[in-house]
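Worksheet for the structure shown next.
The values are calculated or read from the model by the stated rules, or taken from the named source; none is laboratory data. Given the structure is predicted, the values throughout are model-derived calculations rather than measurements. All Cβ positions, even for glycine, are placed from backbone atoms using ideal geometry, and neighbour counts span all protein chains on display. Areas reflect the complete protein model, heavy atoms only, side chains present, ligands, DNA and RNA absent. Shrake-Rupley method; radii C 1.70, N 1.55, O 1.52, S 1.80 Å.
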Amino acid sequence: MWTDLRNALRQLRKSPGFAVTAILTVALGIGATTAIFTLVHQVLLKSLPVADPAGLWRVGDNEQCCRNSGLPDFTDKPNDWSLFSYLQYTQFRDSTPGLASLAAFESNDHEMAVRRAGSAHPAQPFYGEFVSGNSFDTLGLRPYTGRLLEPKDDVPGAVPVAVMSFQMWQQLGRDPSAVGSSYLINGQAVTVVGIAPPGFYGERLSPTPPAFWLPLHMVTTVAPRDADVFVRGDKQWLNLIGRIRSGSTVAAVQAQLQVELQQFLKSPLSRVTGREQTLIPLQYLRLSPGGGGVHRMQDQYQNDLYLLMWISSFVLLIACANLANLTLARSVSLRQQIALRAALGAQRKQLVQRALIECELLAILGGLAGVLVAWGGVKLILHLAFQHDPIDISTSPSLVVMGFAFAASSLTGLLFGVAPSWMAAQANPIEALRGANRSTGRHTTMVQKALVVAQAAVSVVLLCAAGYLILGLRKLEHQHFGFETARRTVVTFNAETSGLRPDQLDDFYRRLDGTLSAIPGVKRVAWSLWSPMDGNNYSDNVYIAGQPTPPPGSGVNLASWVRVSPQYFATLGTRVLQGRAFTESDNRTAADVAIVDEAFVKRYLHGGNPIGAQFGDWDPSNATTFTIVGVVEDAQYWTPNDPQDLAKPMYFVPAAQWPQPVATNPNAAAYTQFVANTHYMGSLEIETHVPGTNLEPRVRKALEEIDPNLMITRFQSLADQVDLGFSQQNMIVQLTSLFGLVALALAAIGLYGVTAYGVAQRTSEIGIRMALGANRAQVRKMVLLGAFLQVGTGLLIGIPGAIIGGRLMAAELFGVSAWNPLVLGITTAMLAGVALLAAAIPAQRAARAEPMEALRAD
């Protein structure tokens with residue numbers, strides 16, 4: 001075998017064109033597949049970088065985010081608990097004997113203003129996460145330097161401390177003085193006690209991993225408006241992950257937690273009152289494997305990654321077909337040499353082994369080159385998917401990925417080395433005496449043509465899939481969102497970092513309006529709790545005055561809402577269809593009013609006259625809180641790739657009003673606190689007179705003059721904010737298109753190789769035809785017709801496959817029908833054009849042949 005390996009290397013050196021083409025062909029196929037597998041492994045399959053991840057169990061089996069209140073009746077799995085309050089966490093932690101440990105992690109990304117104490121630089125936005133003091137110990141982590149959080153850090157009155165991520169420490173230039181230094185986080189002095197180990201990104205993979213981990217009890221000082229989460233048993237905001245005690249079982253612990261959940265919900269701590277108490281027996285929880293962490297991002301990307309895995313597999317098949325074509329052509333060209341070896345006594349086993357080793361060598365070299373392609377491919381995919389928030393995923397090939405690439409390469413070499421090996425086994429010594437090239441090799445040519453047909457068919461399917469995705473994305477991007485994006489800028493800020501009390505906010509917003517409106521070029525200014533498509537959402541139950549109260553837990557009366565300033569709709573270009581917009585008179589002293597969208601009117605007012613109708617939120621006793629004074633058009637406030645979001649009911653309330661609950665509301669104090677918290681606006685909307693106005697430096701300066709502690713987290717056009725919602729779709733479209741073009745290029749290479757090989761095999765035949773009177777145009781036509789016959793057959797097979805694929809994709813794409821002649825026509829034209837280019841060179845070469853030279857070619 002060593003001799004055969006050296007011989008294979010020598011043969012490849014003698015044929016560099018063949019070797020390079022074959023290796024690059026395999027590299028493209030293996031590289032594309034390995035790149036996607038790298039992401040599948042990193043995002044979907046990889047365990048948390050902690051000790052014994054298989055021993056971790058998560059309380060809950062579905063994904064939730066941020067902060068919820070009450071019973072989980074609005075999720076895909078009603079009554080299924082996955083988020084928990086602090087009071088629930090402490091009960092589970094202290095009362096479950098089957099648990100060795102239970103840690104709590106804040107469920108949402110918390111943006112914080114951070115700067116080093118004593119530094120003159122302004123605060124910068126970083127993400128932090130509140131975790132229980134035993135979280136690092138539960139995960140089994142050791143610090144890179146310093147120490148990690150401990151239970152003693154997570155008690156009221158403890159010294160404020162934090163752990164810095166290794167990635168953040170790298171950004172600081174691995175400053176050794178970082179440990180022990182004091183940082184101001186939202187104005188609170190915090191001592192960094194340690195650096196987390198490299199590669200640890202938290203209990204969940206996220207585009208915005210924490211730069212700091214802080215003890216849960218620091219919420220009271222770092223985010224004081226959320227301080228009530230320690231006394232409110234109905235505020236769920238924690239993910240729980242723990243380990244089972246030795247001697248206990250998962251089933252036993254789950255049963256214990258289920259009993260404790262029921263006990264908690266029946267206690268006054270849960271604040272479950274009134275009609276909702278009838279739902280308590282329906283509530284349940286499940287334990288699920290926690291070694292992969294919280295899978296929110298995995299759930300978001302898994303379908304797209306699996307789609308790309310299938311597409312890249314098709315590209316690999318095309319590359320394999322090309323490799324088979326190349327090795328078949330090479331085997332035929334070496335047939336006389338193989339026959340001579342057989343005539344000199346070489347055994348069939350030796351001939352087969354030599355052919356297999358050469359194919360396997362090509363495949364493995366292609367696989368090694370494919371790892372480099374995969375490394376660049378992963379970086380490209382991450383850039384396309386996370387342009388604004390680079391995710392902390394390693395692009396270096398891991399041992400698992402290297403193993404996958406090696407296995408795929410070896411399998412490719414074995415499968416597509418069979419045909420050349422079979423040809424070697426059939427070597428006939430007599431051919432060495434008469435010249436192998438006199439044989440036409442018709443069977444081999446048919447196999448090669450069949451492979452080209454398959455390549456063309458798969459290319460059609462991939463290109464049509466890319467066409468459908470492009471068409472669907474363009475329709476999504478050009479739909480009417482219910483607002484205008486031109487000349488609109490969105491400034492995302494954190495009013496909480498300014499240290500303002502709720503009763504100071506109205507005056508602060510008035511100063512903000514006056515200062516920003518005075519900037520040259522600014523037409524209108526508005527502010528709101530959140531802006532369209534910025535990833536945030538508040539939702540509540542609504543109760544319509546005069547209508548029966550829906551059954552508890554039904555979720556049929558859910559609506560999203562936004563607190564906005566008077567100029568909000570005019571600034572965004574959202575049309576007021578009935579009634580009026582908000583005015584400056586809609587303040588604390590006026591009656592509480594609201595504006596609803598068309599979907600709200602259709603679902604809850606059944607198309608009747610909405611003006612003057614009353615409704616409320618939180619509790620049926622609040623049913624007369626708001627009076628509707630206007631109706632606006634439906635607008636897209638969530639993910640732009642789901643047109644169904646336009647049908648979601650929404651209502652808007654004035655920024656300067658502070659509605660109060662009725663005295664009979666059992667949660668009156670909590671409601672009052674909630675209303676105060678919602679006056680900390682998070683978004684500024686600015687409309688300019690002309691596009692391209694350079695606002696950012698002037699707006700930043702104006703905000704700094706108003707309050708130097710006010711932190712701006714993002715400054716972008718509304719159009720860019722909308723485009724962010726399409727980043728995932730753009731990634732899929734661009735990669736599918738790229739894979740389709742690679743498949744097309746490989747198909748063209750295959751067609752060129754088969755056509756050129758066919759011309760070489762038919763040299764004598766072409767000479768005879770020309771000697772008998774055929775002109776060069778006829779020879780050129782004969783070659784081109786043969787090439788187009790293969791492509792046409794591929795189209796006949798591929799177009800039905802593309803139509804079937806279109807039917808499967810149409811249900812998932814916006815405004816795209818299953819049968820689209822435009823996509824099929826463009827795909828057919830592209831394949832025909834590439835086929836013409838691929839076949840033109842061999843056809844021209846055949847047409848230039850001199851009859852006498854062709855006749856004596858053998």
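Laid out as a table, the results:
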{"item": "Diffusion constant of region 488-598 at 25 °C, which comes from Stokes-Einstein with the Kirkwood Cα-pair radius and 0.890 mPa s, µm²/s", "result": "147 µm²/s"}
{"item": "Carbon + sulfur, % of accessible area of region 75-232 - ligands and nucleic acids excluded, 1.4 Å", "result": "53 percent"}
{"item": "Probe 1.4 Å, accessible area per residue of region 649-703, Å²", "result": "37 Å²"}
{"item": "Flagged links, alpha-carbon separation over 31 Å, of Lys77/Lys648; Lys266/Lys648; Lys14/Lys379; Lys379/Lys449; Lys475/Lys781", "result": "Lys266/Lys648; Lys14/Lys379; Lys379/Lys449; Lys475/Lys781"}
{"item": "Spin-label pair Ala158/Lys266, simplified geometry with 7 Å Cα→Cβ offset, distance in nm", "result": "3.4 nm"}
{"item": "Viscosity 1.002 mPa s, temperature 20 °C, Stokes-Einstein D of region 1-128 from Kirkwood C-alpha radius, µm²/s", "result": "100 µm²/s"}
{"item": "Per residue value of the accessible surface for region 208-320 (all protein chains in place, 1.4 Å probe), Å²", "result": "40 Å²"}
{"item": "Residues of region 675-703 with amide N under 16 Å of a point placed 7 Å along Cα→Cβ from Asp507", "result": "none"}
{"item": "Accessible area (Å², 1.4 Å probe, nearest 10) - Lys379", "result": "100 Å²"}
{"item": "Largest to smallest accessible area among Ile826, Ile470 [probe 1.4 Å]", "result": "Ile826, Ile470"}
{"item": "Set of lysines with alpha-carbon distance to Lys701 below 23 Å, sequence-local pairs under 8 removed", "result": "Lys523"}
